[in-house]
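Values in this text are rule-based calculations from the coordinates and carry no lab data. On a predicted model such as this, the values are computed, not experimentally measured, just so you know. Backbone-built Cβ (ideal geometry, glycine too); neighbour counts: all protein chains shown.
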């Protein structure tokens with residue numbers, strides 16, 4: 001299966017007065033149709049930067065290298081800010097974290113979606129209006145006729161997020177990038193939005209990149225997952241494999257820090273802190289916090305495939321974890 | 001770039017120099033204004049050492065002499081050296097600027113602090129009282145006050161402070177209101193700390209920068225205002241040395257003897273410009289969106 | 001539920017916010033108690049209730065009705081509910097570590113201020129230490145952090161400083177309003193472990209407010225579930241979170257994404273949204289969205305009834321122990 005969007009060797013750095021802060025280091029990521037790929041990491045891991053770079057939303061102060069392959073064309077990542085207009089909105093849509101600031105409070109909901117459609121699609125006014133109402137219905141918003149004229153302040157956070165998704169969908173994108181779309185929402189509303197995204201992905205065969213720090217969200221709704229640490233992907237693969245049988249020490253530790261019902265006596269935590277991204281990284285970025293560290297870790301590990309698309313970046317992976325039965329399950 | 005690993009922390013270390021240079025490049029106007037202002041300040045402080053003549057020395061023989069090597073800015077109708085008077089005038093203007101602003105802030109800031117912090121009725125009462133003073137046209141109040149108290153520089157300064165304090169009350173009030181809902185204020189309240197302590201220890205240090213910026217921008221205006229009052233005769237009176245007064249006294253003569261008005265006027269212009277540049281620059285430096293903070 | 005041996009006792013607390021003539025965010029008739037040394041969690045979704053209750057307990061807002069007492073001291077008198085007498089035994093840790101510390105004060109001054117405050121009320125032998133370093137060490141930091149400003153620290157460290165400041169007040173009860181919501185999951189784990197250790201070593205009682213049920217299961221002994229300002233279920237944490245009684249609790253548990261990918265088929269989002277927040281209905285507040293609601297549910301508010309094992313629920317159709325919603 002060919003990927004719809006392919007990011008190759010992306011590096012994003014911010015030159016400052018005395019040093020350079022490297023947010024993303026040599027990242028490769030592929031997005032496939034009909035799949036939700038979770039990009040998981042803590043703050044400072046570079047996940048939001050990756051999405052912003054892919055959409056050309058990073059400002060001039062950054063140095064971006066690498067390539068983006070999209071619709072049989074390859075673009076240099078550095079050109080995305082200018083070339084981005086062709087991709088943004090039309091083929092690739094993005095939704096953000098805070099629903100309260102996502103919409104312009106001065107215009108009605110319908111008007112804002114209308115404006116987006118007008119930019120990217122050539123239809124008559126009446127056709128666009130119909131399309132807007134259809135999109136509002138697709139995201140399960142009640143009474144699209146009435147909602148068309150409502151203003152953002154009249155809607156709840158969950159409703160606004162659905163409007164934002166409708167706005168993203170109206171241009172019939174192939175790729176949807178969602179940057180922490182449910183972090184600011186209540187858990188019941190979050191569940192609705194996640195179910196909606198899953199439904200839309202399956203129906204329209206979208207490629208979705210879901211950026212989040214919440215591993216449970218990834219486990220529930222994603223097909224593939226990539227775990228980021230200090231600007232690199234340290235483990236990636238099918239979500240059932242990575243979450244149940246993690247191979248990289250960071251992934252293992254990260255999963256152990258999530259408090260879960262029924263698993264409540266001991267909570268592990270990861271000693272130390274995320275490394276300073278302003279200093280060049282020697283060898284493995286996680287070595288200072290890892291129990292398995294050896295001399296070997298001073299060399300730079302590369303992404304190695306364990307099996308069936310499950311990749312990791314470590315010299316001391318927990319390979320016993322890999323359960324060969326999983327292969328049969330995922331094939332079904 | 002020079003080797004930054006050595007000499008990291010000395011006063012003139014490479015790191016300090018690089019940071020300073022970076023600051024200068026990105027805040028050119030501020031640096032220009034600050035240098036100018038600093039020069040004027042030094043001139044004011046060291047006036048007695050700088051001036052070639054006694055600014056009050058009357059000398060009818062040399063009256064209305066054009067600018068020359070002996071008198072850099074010429075002399076006025078009483079033969080006094082204008083350069084010396086301009087330099088001494090800097091003292092007056094700077095003192096006026098500082099005093100008026102200090103008085104306005106001393107009254108306005110606590111009012112704004114209390115109004116913003118307590119809200120409700122206290123806010124309403126305080127703000128309506130300050131609005132009374134806002135209602136006066138800027139020149140009318142000083143005229144009325146000096147008419148009542150007599151014309152002098154001190155009365156003019158009091159009058160200006162009275163017209164000015166409402167602005168500081170308002171600015172302070174709005175910046176306190178934005179800080180009021182921050183959690184560290186609530187935290188202090190839950191600790192049982194008294195309102196006075198919270199206002200001065202927590203609210204004030206986090207909300208005073210807009211007032212500071214306003215003050216630095218107003219400094220120029222106060223100098224102008226004081227000069228204007230002197231010009232219309234209700235501010236400084238002779239024998240005070242004040243730029244506005246100098247321009248006023250030269251009113252009948254400056255068409256033929258341009259230097260009697262030009263140099264004091266230029267002094268006002270340059271000082272106000274310098275102070276405005278500093279004010280603008282401060283506002284940009286302290287802008288939270290630029291990562292600023294004092 | 002709240003008996004006379006409770007350390008903190010709240011009865012009939014209620015609070016309504018008004019915007020013009022519309023009521024929003026009401027707290028209605030809240031009764032509960034916290035035992036000494038116990039960690040009671042308060043869960044519910046955002047919008048209203050949880051933070052308002054915390055504010056009432058700490059006197060940041062005034063109650064409309066109700067009473068509140070801590071030990072022998074009456075904090076809110078039922079005859080004069082609008083007034084609040086502060087207790088020096090209660091301290092609060094806030095949700096946002098980025099704004100709960102004064103950015104212009106150094107750590108030494110921040111903790112020093114709390115110590116200064118405590119010295120006004122307690123005698124010298126009751127005070128553990130007048131040195132801020134003592135409290136910093138209790139939270140795993142040290143004297144090298146004393147002279148720094150809050151912005152020089154990470155979110156997790158700031159929250160530790162906030163906890164140290166609360167500890168310096170020598171409280172018996174800590175009220176924590178979503179203390180880990182703004183933190184990364186690995187940092188959250190550090191803070192939770194710290195809080196659990198402190199609870200044991202200092203015999204602290206805690207009111208732990210959170211929206212995350214997994215966190216609550218780890219740290220709390222008992223849990224209260226709140227919906228639109230009403231308490232709908234209370235009980236020991238393993239009971240409520242594994243065998244919930246109230247339909248809303250069941251819905252919360254079903255909507256929570258789980259860490260096990262094999263459980264994704266059990267992920268059941270609720271169908272309807274909260275449309276009416278003011279809740280002026282007389283019936284159960286959850287009835288409009290409840291899969292089991294009937295006419296009685298919509299007309300009369302269900303009373304909190306005790307079921308087995310100290311578990312209470314205000315529901316006419318509680319989830320059967322055999323699990324009719326699985």
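Here the simple spin-label model places points 7 Å from the Cα toward Cβ, and for residue B:54 and residue C:299 these points are separated by 10.6 nm.
Working note: 222 nm ellipticity from helices only, DSSP H runs with n ≥ 4, each -39,500 (n - 2.57), summed and divided by the residues of the protein assembly as shown, gives -12500 deg cm²/dmol to the nearest 500.
For chain B, take the longest principal axis of its alpha carbons; what is the angle in degrees between that and the long axis of helix B:153-180, to the nearest 10 within 0 to 90? For helix B:153-180, the angle is close to 20 degrees.
The share of C-alpha pairs in chain A whose separation exceeds 30 Å stands at 38 percent.
Dimensions of chain B from C-alpha coordinates, computed as largest minus smallest value along each principal axis and given longest first, are 76, 64, 26 Å. Counting other Cβ atoms within 10 Å as a rough exposure proxy, the listed residues A:80, B:139 run B:139, A:80 from fewest neighbours to most. The calculated FRET efficiency for the pair residue A:304 and residue A:82, based on their C-beta separation and a Förster distance of 41 Å, comes to about 0.70. Note on A:213-223: average number of Cβ atoms from other chains within 10 Å of each residue's Cβ is 5. To the nearest ten degrees, helix C:107-119 and the longest principal axis of the Cα atoms of chain C are 80 degrees apart.
Restricting the calculation to Cα atoms, chain C yields a radius of gyration followed by a Dmax of 20.5, 64 Å. Applying 1/(1 + (r/R0)^6) with r as the Cβ-Cβ distance of residue B:237 and residue B:18 and R0 = 41 angstrom yields a FRET efficiency of 0.20.
Here the stretch A:53-165 was treated as a single set of alpha-carbon atoms; its pair distances binned every 10 Å from 0 give 13, 37, 30, 18, 2 percent. Taking chain B as the reference, fit the longest principal axis to its C-alpha atoms, fit the long axis of helix B:14-26 to the helix C-alpha atoms, and give the angle between the two in degrees, 0 to 90, nearest 10. So the helix axis and the longest Cα principal axis differ by about 70 degrees. Among A:185-191, C:133-139, B:47-53, the peptide with the highest mean count of other Cβ atoms within 10 Å heads the list, and the full ranking is A:185-191, C:133-139, B:47-53.
Can you tell me how the stretch C:201-262 classifies by the Cα gyration tensor, rounded, prolate or oblate, using a/c under 1.5 as the rounded cut? It is oblate, given that a/c is not under 1.5 and a/b is not larger than b/c.
Note on chain C: GNM, Cα springs under 10 Å; of C:106, C:122, C:160, the largest mean-square fluctuation is that of C:122. Three semi-axes describe the equivalent ellipsoid of the stretch C:130-225; taken as square roots of 5 times the Cα gyration tensor eigenvalues and ordered largest first, they are 23, 16, 10 Å. Once you divide the Cα radius of gyration of the protein assembly as shown by 2.2 N^0.38 Å, the number left is 1.14.
Shown for C:153, B:23: other C-beta atoms within 10 Å of each C-beta, ranked fewest to most, produce the order B:23, C:153. Of C:256, C:304, C:224, the residue with the greatest mean-square motion in the GNM of chain C, using alpha carbon springs below 10 Å, is C:256. If you take the alpha carbon atoms of the stretch C:83-144 and fit the smallest convex hull around them, that volume is 125 Å³ per residue. Working ranking of peptides C:242-255, B:192-205 by packing, defined as the average number of other Cβ atoms within 10 Å per residue, highest first, is C:242-255, B:192-205. Between residue B:124 and residue C:85, the FRET efficiency estimated from the beta carbon spacing at R0 = 35 angstrom works out to 0.80. Reducing the stretch C:285-307 and the stretch B:127-205 to their Cα centroids gives an inter-centroid distance of 55 Å.
Calculate how many DSSP beta bridges within the protein assembly as shown are antiparallel, expressed in % of all such bridges and rounded to the nearest 5. Of those bridges, close to 60 percent are antiparallel. Averaged over peptide A:251-262, the number of partner chain Cβ atoms lying within 10 Å of each residue's Cβ comes to 6. Taking B:90, B:70, B:261 as the candidate residues, the one with maximal mean-square fluctuation in a Gaussian network model of chain B, Cα springs under 10 Å, is B:70. With the convex hull constructed from alpha-carbon coordinates only, the stretch A:1-110 shows a mean projected area of 8.9 nm² over all directions.
The alpha carbons of the stretch B:173-294 stretch over 71, 31, 17 Å along the principal axes, in descending order. From the alpha carbon centroid of the stretch C:169-226 to that of the stretch B:58-91 is 78 Å.
Principal axis analysis of the Cα atoms in the stretch B:13-116 yields extents of 59, 46, 21 Å, listed in decreasing size. Modelled this way, with points 7 Å down the Cα-to-C-beta line, the labels at residue A:100 and residue C:266 are 3.4 nm from one another. Counting every other Cβ atom within 10 Å of each residue's Cβ, B:243, B:21, A:75 order from fewest to most as B:21, A:75, B:243.
Spacing of the modelled spin labels on residue C:196 and residue A:294, each 7 Å from Cα toward Cβ, amounts to 3.2 nm.
The mean number of Cβ atoms from other chains found within 10 Å of a Cβ in peptide A:189-200 is 4, as a whole number. With Cα atoms defining each centre, the stretch A:1-80 and the stretch B:21-39 are spaced 39 Å apart in the structure.
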